[in-house]
Each structure stands twice: as structure tokens, then as C-alpha cells.
Amino acid sequence: MNPSSPPVIEALSLERRFGHVRALRSVDLTVAAGEVVLLVGPNGAGKSTLLRCLAGLARPTRGSVRVCGALLQRDPAARAGVGFLSHQTFLYDDLTARENLRFAAALHGLDSVEQRVMDALDAAGLTQRADARAGVLSHGTRQRLAIARATLHGPAVLLLDEPFSGLDGASVEQLRSGIAAGAAAGRAVVCVTHQPGDVWQIATRVVMLSRGAVVLDIARPATLEGFVTSYNQALAA
Amino acid sequence: MSFSRAAVAIAAKDLRIEWRHRTAFATAVLFAVLVQLVFVFSRDGASVSLAALAPTVLWVMLALATVVTLNRAFLLERENAALEGILLAPVGPSALFWGKWLANLVLVVVVEVVTIPLWMIFFNLEPHPRVFGVGAVALLAAVGFTAPGTLFSAMAVRTRFAELLLPVLLLPFLIPPLFFASQATVRILADAPMSELSGWLRLLALYDTVFLALATMLFPAVMDQ
Amino acid sequence: MTADLHAIDRIMRRGRAITVAGLLALAGIYVLALGFTPAERSQGLAFKILYVHAPAAWAMEMAFVLVGVVGVLYFWLQDARLDIFAEASATVGMVFGAVLLITGPIWGRTIWGAWWVWDPRLTFTLLLYLLFAGYFALRSALRDPVERARFGAVIGIMGTILVPFIHLTVYLFNSQHPKPVIMAPQKSPLPWVLLEPLLLSFGAYTLLYIGFVTTRYGIGLKRAATEARDAE
């Protein structure tokens, strides 16, 4: 944790109801540049909802989200600072990898689109498959493309929801090093996962949600085994 | 982020995907031809002439073909939650609406361009410059059909019964433009003077303006999550 | 939304009381209209259906217009109770619409000699009825109450703006209906003995509308409260 750097994303007393269900109850979360926050908790704890609120996809019932100081609900430009990968890829199966990225670039109003798209394809190791339709790519390749899409505009904060599910060992490793490189370059990362082992070594902080509230917010313990005890204690509390 | 650039990017993306397999286009044209056959075969040939039936068939065909075309608009955004990918970007919901509406309009107009000549052939209408008048009315009507249609298709797609709900929601809204357009068509085919025509065209244009503005205003409420 | 059940019961009791008052008033008007009001000159007994028909039309239009007005308020205040009211009002509007669509043809059979003629006001009622049938179809297909409220408000507002266009359309389409002559200021062709029960009937139907909507609103609140309790 680096308390001296200003927060990249800052959620204050977030509350979110779905009809009558309270998915989040007064959640505060501040993430600074370079931090990799692992967000854990049992099913239905509100992890995905929190991520969707941070991404600006779900409007919080109460509370606010600021990205680099700008209020996400008020200022659409603040969205430019956020990259989000949910369990969905947001890709059009009938467009090629290149076209998908071009479309994302246009939505973000980026300049020198062709160069950026080429660089992103290159970084994701997709140059060979650039003109294949997204629908025919393998699961791992599609996930790499989805990451490239989510980070094309160089967001200050990257939100990941179960990014590793269904990936093989090599793809996991590639994705992990990509996340680490981004964080080293000053990107804030929040990652929800059921397999914390996949990102444990690159995480700097662990936040645990239970029944819509933050019950644990600590620097990443040295070992996952050591954390399991605190997790179970927090769950029982 | 400029409004027009985002809207055009969204429309171009929709049309590119449609161009890839042309399913909506082909289905709508096929459907339009079938509607004409249904009319011709359920007509009493002895008492109802083809010429008398022609304007009716044209507008039933175009209205229903539009509904078929609109169904695809937001279904396409449902795969891989692509709509969320757009909402994540710093693009206002109005730009999204205009992009989707523009794509729908282009697609409907293309369907009209193909089906109106087919209608002329089936109903023995001589090629004559007045056909361009009918085309202009069809363009005006397409604006009025697709403006509420795009809004409703975004709502219907949130349910499991999108294809059923869209016509039920939309058809009451198509009655006024349908009526104005068919009245204008009857007068064009009868070579009526412009003075008899302009009132209907103005009503159609008024409907277009009001509902395009209203749908643009209400669309953010449909996207809000 | 956390209105306690006692308060809801109070609302529903009030709604039922108003409904009973409305029904009694309506019964009284019918005793007056059938027993004491003379038959109209040209239409005879068939004219008396007007005492049900015209006020039901008024109540239906009020019900549907309020759905649109409340829709605008909903986007402003974001209060779930506004949607519960809108749904109640639309439901009651459908009931009055059904009254219209039944009494209209009965009257038409006698006066026009046909159950259905594409008369502007009857056609208008039918279109409005279908519009709100779509409103309920969409509502029933949505599970999230917040989304249901938002989409309901959108359709309500769109529908309210569509109303003048439908008016225009049906009038341009055809007009065979007796023109609205009741309130014509220059000469009132309707004598007071015929007009009086009609005006009273407007009052009774307004009362009925308020009673029905209040009761439905109470039911809606109760359902929302139950859903909230189940969700916790």
C-alpha cells in the first residue's frame, strides 16, 4: 500500500438496492495508483455489484464514486479513467478482433486509432488473428482480446471480475503478468476472484466483502494459507 | 467525445454486423413479399381490384417489415453483454440512441428500396416519376416508425419475450404515421395536386419530430441501471 | 416504502368507503335517470346508456393521462410509490375502458344499427385500451421493480404524447359519432332534465375512480411491502 499517492478511485458510503434487496450497505473503498486490490467474499456478498458501481454500470442508490477526482455519476468523461472486464467479454462475435478494438477506440474518442489498435493487438499476441472474427477465437484468445479492449484507452483503474475463469495455465500466467505490468506503470487494479491463488503474488491488498459490507481490508498477507484463517473468522463474525 | 462521432461509430458497427450475414435484411424482405401474397390470396378477386388494394398492402407490409427489422437492434447488443461495453465508454445515452436509430433507419430504408419495386410489380403499377413521391413518403414514415421503435426495442430486449412484446408495444404508435402516410400515398397514386398532399406530409413530419425528440429524451431512462 | 401495514389498511379502508359512496351515488343516478328522467326525443331509451358511457370515457382519459403525469414526476422524484399509483391508475383506466368498449357497441347497435362502426371516439378508446394493454404486457415481463417503474413511466409519457395524435387520426379517419353537444355554449340542445343526471354521473364516476385507485394503491403498497419483507 502506498498511502502517499492520491486515490485513483474512491467510493464513499456506497449503497445499492435491487428492488428491495440491499446488495451493498455503506461500502467505502479507496484505491491508489499502483495498488492491486484483491476483492474476495462468499457468493452474494456484493462483489460484482461493487465492481459494477465502480465501473459506472450500476447507479448506486446512495453514496458516490470518484475516478481521479471526478464524480462518476455526474461527469461522463470520468468513465474514460475506468477499464472493466466482467465475466462477459463485451465483444461482437461477428466483428473481427481488429474491428472490435477499432469500435472501442471510437467510443472512447481516441486519436491515431490504427496505431493504437495495432499496438494493442501486438501486446496481446493477437497480430496473427487480428482479422479473425471474435466468435471463432478460442476462449483464452477471446479473453486476451477482451483485456486488450478494456485497457485500450489506458484507464487509470482496471476492474476485473473473475478474469481467470476457464483459462489454461499459460493464459493465466500471461494475464497475470499483464496486470502486474499495468500496476507497475501506475494503474490501480481491483480484481474479484474465487481463485485468489492466481493473483496472490501480485496483489498488494485484500478486501473482503460479506453481506454487502467491507469486513476486512488489510495488506496482502504473505501466504494464502495464512489468510484463510482470517477469512473464516471474518465470515463467522 | 463528440456526439456525432460516437453515434456514427455505433451505427456503422451495427450496419457492418448486418452486412456480414444480412439476416435482418433478408428476413424483412422475405417477410414483406409474404405479406403481399397473404393479401393477394385472401382478397376477393371478383370485387376488390389489385389497384384498390395496393396502398393498403404497401403500408401493412412496410409497418410489419419495420417491426421485424427492429427486433434485431438490441438483441445484437445482448451477446456478450456488448451494450455494457458501450455504456462503459464516455458516450452519452443520447449518442447511443442516435447511433442505434440511425442504423435502424438505414436498414429500414434499404428494405423499402427493395420492397417498393416488388410491390409495384406485384400490383401492376406502371413505373412513373410518382413512385419517387411514394418513396419520399416511405422515408418520412420510416423516421416515424423507427424513432419509437428503437426506444421500445431497447425496453423489450430486457425481457424474455422481446419478439412478442415489441409489436404489441409499437403498433399503437405506428397507427398515426401509418394513416398519414397511406393517405398521402393514395393521393400521390391518384395524381392529386400538392395542395391535397402537403397537409398529410406535414402531419407525418410533425409526428417524426415529436417522437424523435421524445424518444431521445426518454432513452437515458431506459439505459439507467 | 416502509409504510407500515396499519397505514396501508387505513388507505384501503378509505378506498373502499369512497368506492361504496361512488356506487351508491351511481345507483341513485340510475334510479333518477331510469325512473324520473323523460326519454330523449330522438334516441329514446338508448340515450340513457350515455349516463354510463360518457362519464366512463372521462374517467378513463383521466386515469391514463395521470399515468403519464405521474411518469414525469417519477423521473423527478424517483419514488416507488408513484409507480404503484401509476399502475393502480392504469388498471382502473382499463376497467373504465372495458365499460366503454361494452356500452359503446350496445348503444351503437340501437342508434347506428351496427355493433361496431369505426367512429372516432370508440376507435380512440380501443387504441388507448390497446396501448395500455401493451403497458401491462411489458410490466408483467419485467421482474425488477425499479426497472418496471422506469419502463412504465416511459410508456406512460410516450402514451400521453401519443393521445393527441390518436385524436387527430381518428377524427380525420371518419366521424359518425354524435358530436359532443352537451356543453355547447351558444345553445344548449340538451334540456336540464337530461343534463342533470349526466353531470351527477360525472361526479359519481370521479368518486368511483378515486375509490378504485385508492384501493388498488393500497393493494400495490401491500404487495411491495410483502416483496420487501421476503427479500430481506
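The values are calculated or read from the model by the stated rules, or taken from the named source; none is laboratory data. Nothing here was measured: the structure is a model prediction, and the numbers come from that model. Here Cβ is always computed from backbone atoms with ideal geometry, including for glycine, and neighbour counts include all displayed protein chains. Heavy atoms of the whole protein, side chains included, go into the accessibility calculation; ligands, DNA and RNA do not. Shrake-Rupley method; radii C 1.70, N 1.55, O 1.52, S 1.80 Å.
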Here is a list: B:219, B:211. Which entry is within 16 Å of the chain's Cα centre (by Cα), facing chain C (nearest Cβ under 9 Å), among the aromatic types (Phe, Trp, Tyr) and within 28 Å of residue B:72 (Cβ to Cβ)? B:211
Open to solvent by less than 10 Å² (accessible area, probe 1.4 Å), at pLDDT 90 or above and farther than 24 Å from residue A:105 by Cβ, is that true of residue A:209? yes
Within the range B:182-213, considering residues that are among the small types (Gly, Ala, Ser) and out of contact with any Pro (no Cβ under 9 Å at 6 or more places or on another chain), the one surrounded by the fewest Cβ atoms within 10 Å (Cβ to Cβ): B:195
In the range B:14-39, anything free of Cβ contacts under 8 Å to residues at least 60 places away in the same chain and either open to solvent by less than 60 Å² (accessible area, probe 1.4 Å) or within 8 Å of chain A (Cβ to nearest Cβ) (or both) is listed as B:16, B:17, B:20, B:21, B:26, B:35, B:39
Looking at residue B:163, is it more than 19 Å from residue B:68 (Cβ to Cβ), touching a helix residue (DSSP H, G or I) at 6+ places or on another chain (Cβ under 9 Å) and surrounded by fewer than 24 Cβ atoms within 10 Å (Cβ to Cβ)? no
Could you tell me which residue of the range A:95-120 is farthest from the other protein chains (Cβ to nearest Cβ), considering only residues that are in contact (Cβ under 8 Å) with a residue 24 or more places away in the chain and among the aliphatic types (A, V, I, L, M)? A:120
Only one of these is closer than 19 Å to residue B:225 by Cα, without any contact (Cβ under 8 Å) to a residue 24 or more places away in the chain and either within 14 Å of another protein chain (Cβ to nearest Cβ) or open to solvent by less than 20 Å² (accessible area, probe 1.4 Å) (or both): A:78, A:11. Name it. A:78
For the range B:69-88, indicate whether the set of residues that are more than 30 Å from residue A:76 (Cβ to Cβ), at pLDDT below 95 and either open to solvent by 50 Å² or more (accessible area, probe 1.4 Å) or not hydroxyl-bearing (Ser, Thr, Tyr) (or both) is non-empty. no
List pairs: first in the range A:38-62 and over 12 Å from residue A:24 (Cα atoms), second among the hydrophobic types (A, V, I, L, M, F, W, C) and part of a loop (DSSP other than H, G, I, E, B), Cβ under 7 Å, 6+ apart or cross-chain? A:38/A:199; A:38/A:203; A:56/A:72
Can you name the number of the only condition in (1) open to solvent by 40 Å² or more (accessible area, probe 1.4 Å); (2) in contact (Cβ under 8 Å) with a residue 60 or more places away in the chain; (3) of a type outside the set (S, T, N, Q); (4) assigned to a helix (DSSP H, G or I) that residue C:25 fails? (1)
Of all residues in the range B:70-121 being in contact with a Phe, Trp or Tyr (Cβ under 6 Å, 6 or more places away or on another chain) and touching a residue at least 12 places away in the same chain (Cβ under 8 Å), the one that is farthest from the other protein chains (Cβ to nearest Cβ): B:97
Residue identified as of a type in the set (Ser, Thr, Tyr), within 14 Å of chain B (Cβ to nearest Cβ) and within 21 Å of the chain's Cα centre (by Cα) among C:89, C:140: C:140
What are the residues in the range C:200-232 that are of a type in the set (Val, Ile, Thr), touching a residue at least 60 places away in the same chain (Cβ under 8 Å) and either more than 16 Å from residue C:9 (Cβ to Cβ) or within 11 Å of chain A (Cβ to nearest Cβ) (or both), if any? C:206, C:210, C:213
Mind telling me which of the residues C:80, C:98, C:54, C:133 ends up being open to solvent by less than 30 Å² (accessible area, probe 1.4 Å) and aliphatic (A, V, I, L, M)? C:54
Please determine whether any residue of the range C:29-37 is loosely packed, with under 15 Cβ neighbours inside 10 Å, at pLDDT 90 or above and more than 14 Å from residue C:194 (Cβ to Cβ). no
Looking only at the range A:37-44, decide whether some residue is within 14 Å of chain B (Cβ to nearest Cβ), under 18 Å from the mean Cα position of the chain (by Cα) and not in a loop (DSSP other than H, G, I, E, B). no
With the requirement that a residue be of a type in the set (Ser, Thr, Tyr) and either modelled with pLDDT of 95 or more or closer than 23 Å to residue B:95 by Cα (or both), what does the range B:167-222 give you? B:207, B:209, B:216
